[in-house]
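Asker: Please see the structure below; I have some questions.
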Ligand SMILES: [Zn+2]
C-alpha cells in the first residue's frame, strides 16, 4: 500500500517519537534489571550488562529487559539482538541504539566465541536497531538491509542520534553512522560461513523496508519489530492490513524460536496473538470509520474490543492512543478503495 503524502507528514512527526515506545512517559523500571547480574543499564556506572542466551546450535539472543522508550534509566538499550556463529565469523541481527551499546554487544559476543562479527543485518531504519553498527567497523564485511532502509539511514541517521541523545539525556554517547551497503529487494537466500540464512521483506508491514531473517534448518526466526512479544506493538508507521497477512505467513513457517524486536524470547504463540489483536483492531477501526466516527470517538470502542489483550502488552493504553490516528487514516483509505 502506498502512503499518500497527506498522511505521510503526520507519520514523520510520529517517527520523532521513536519507533518503539512502550508509551510516552511509561517507566517500567525494567531498564536496570533486577538483581546484581541481571541484564540492564546501570545509570551510576553508565554501563550495560548483557547476556548471550543460547537458543539453538551456535545461535544466541541478547534480550533487553526494558519495555519502554529509550530513556536515562535504560540508557537507551530497549531492543533485542541475536547472533549466529559460523565457521567464518559471526552474523549479528540488529545492533542496538548506539555505538556504545554495540560495543557492549561485541563484548557479550566475545564471551561465547573468539570469532569476529563479519556480517550485520539491520531489520529496519528505526535507530534502536542499527546505531550500534559502527562498533563492529574493524571486522564487519557486509551490512544487510532493504534498499528503503539503507536510503532512510543515509537521510535520517543523524536525526536518530540526536533524538536518542535527548531522550536518554546523553546516556547513549556518541555514535558514528555506518549505513548498510548490501541491499536486498526480495526474498534472498545467503550462505555465510557454511550456514543458510533467508532474508525476506515484510512488505512494509511494521515500517518501510523491514526485513526478517529465517534459519530454515534450525527453525529460528529473527523478526525485528514485525513481531513484539511482551510489549505493545507500535503501529504508527505500519500498514496494518499487510501486517496481518505477514503475521499469517510467519505462523505458517512454524518457527521453533522467535527473537522479537522487543519483549521476551518467544515462539509462534506471540505471532498468533498479535495477528488476532490486529485483526480485531483493523476490523473495528474500519467499521467505525465507515460510520463516520472520528479517531477520538473510535478509540474507546476499539479499546474495548481489544481489551482482553492488555495483560500481555505493557504500554497497551498509551500506544493504542498514540497510534489511533494512523490506523484510522489507513482505514479511511481502505474503506474508500472498496
Ligand atoms: Zn524497535
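The values are calculated or read from the model by the stated rules, or taken from the named source; none is laboratory data. Here the structure is a predicted model, which means the values were calculated and not measured. Every residue, glycine among them, receives a Cβ derived from its backbone with ideal geometry; neighbour counts consider all protein chains shown.
Asker: Restricting attention to segment 229-247, which residues are in a helix (DSSP H, G or I) and either within 12 Å of the ligand (Cβ to nearest atom) or in contact with a strand residue (DSSP E or B) (Cβ under 9 Å, 6 or more places away or on another chain) (or both)?
Answerer: 243, 246, 247
Asker: Another question about this same structure. Somewhere in segment 157-180, is a residue under 19 Å from the mean Cα position of the chain (by Cα), over 28 Å from residue 40 (Cβ atoms) and assigned to a strand (DSSP E or B)?
Answerer: no
Asker: Another question, then. Taking segment 191-215, which residues are over 19 Å from the mean Cα position of the chain (by Cα), surrounded by fewer than 18 Cβ atoms within 10 Å (Cβ to Cβ) and in contact (Cβ under 8 Å) with a residue 40 or more places away in the chain?
Answerer: Hits for segment 191-215 are 193, 194.
Asker: Looking only at segment 189-209, which residues are in contact with a strand residue (DSSP E or B) (Cβ under 8 Å, 6 or more places away or on another chain) and in a loop (DSSP other than H, G, I, E, B)?
Answerer: Answer for segment 189-209, where residues must be in contact with a strand residue (DSSP E or B) (Cβ under 8 Å, 6 or more places away or on another chain) and in a loop (DSSP other than H, G, I, E, B): 193, 194, 202, 205, 206, 207, 209.
Asker: Follow-up. Assess whether residue 212 counts as being more than 14 Å from the ligand (Cβ to nearest atom) and either within 23 Å of residue 129 (Cβ to Cβ) or modelled with pLDDT of 95 or more (or both).
Answerer: no
Asker: Scan segment 51-103 residue by residue and report those that are under 15 Å from residue 213 (Cα atoms) and part of a loop (DSSP other than H, G, I, E, B).
Answerer: Once the filter is applied, which keeps residues that are under 15 Å from residue 213 (Cα atoms) and part of a loop (DSSP other than H, G, I, E, B), segment 51-103 yields 80, 94, 95.
A quick yes/no check of all residues on (1) within 29 Å of residue 121 (Cβ to Cβ); (2) in contact (Cβ under 8 Å) with a residue 40 or more places away in the chain; (3) part of a loop (DSSP other than H, G, I, E, B):
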{"residue": "273", "(1), (2), (3)": "yes, no, no"}
{"residue": "285", "(1), (2), (3)": "no, yes, no"}
{"residue": "297", "(1), (2), (3)": "no, no, no"}
{"residue": "301", "(1), (2), (3)": "no, no, no"}
{"residue": "308", "(1), (2), (3)": "no, no, no"}
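Asker: Give all pairs with beta carbons closer than 7 Å in which a residue from segment 71-85 that is within 18 Å of residue 136 (Cα to Cα) meets a residue that is assigned to a loop (DSSP other than H, G, I, E, B) and more than 14 Å from the ligand (Cβ to nearest atom); count only pairs at least 6 apart in sequence or on separate chains.
Answerer: Final answer for the pair search is 84/58; 85/58; 85/113; 85/115.
Asker: Among the candidates 330, 289, which residue alone is touching a helix residue (DSSP H, G or I) at 6+ places or on another chain (Cβ under 8 Å), in contact (Cβ under 8 Å) with a residue 60 or more places away in the chain and assigned to a helix (DSSP H, G or I)?
Answerer: After ruling out the rest, the residue left standing is 330.
Asker: Within segment 145-164, count every residue that is out of contact with any helix residue (DSSP H, G or I) (no Cβ under 6 Å at 6 or more places or on another chain) and closer than 14 Å to residue 132 by Cα.
Answerer: Total satisfying the criteria: 4.
Asker: Still on this structure: Looking only at segment 104-134, which residues are in a strand (DSSP E or B) and either surrounded by fewer than 24 Cβ atoms within 10 Å (Cβ to Cβ) or in contact with a helix residue (DSSP H, G or I) (Cβ under 7 Å, 6 or more places away or on another chain) (or both)?
Answerer: Listed by number, the residues that qualify are 117, 118, 120.
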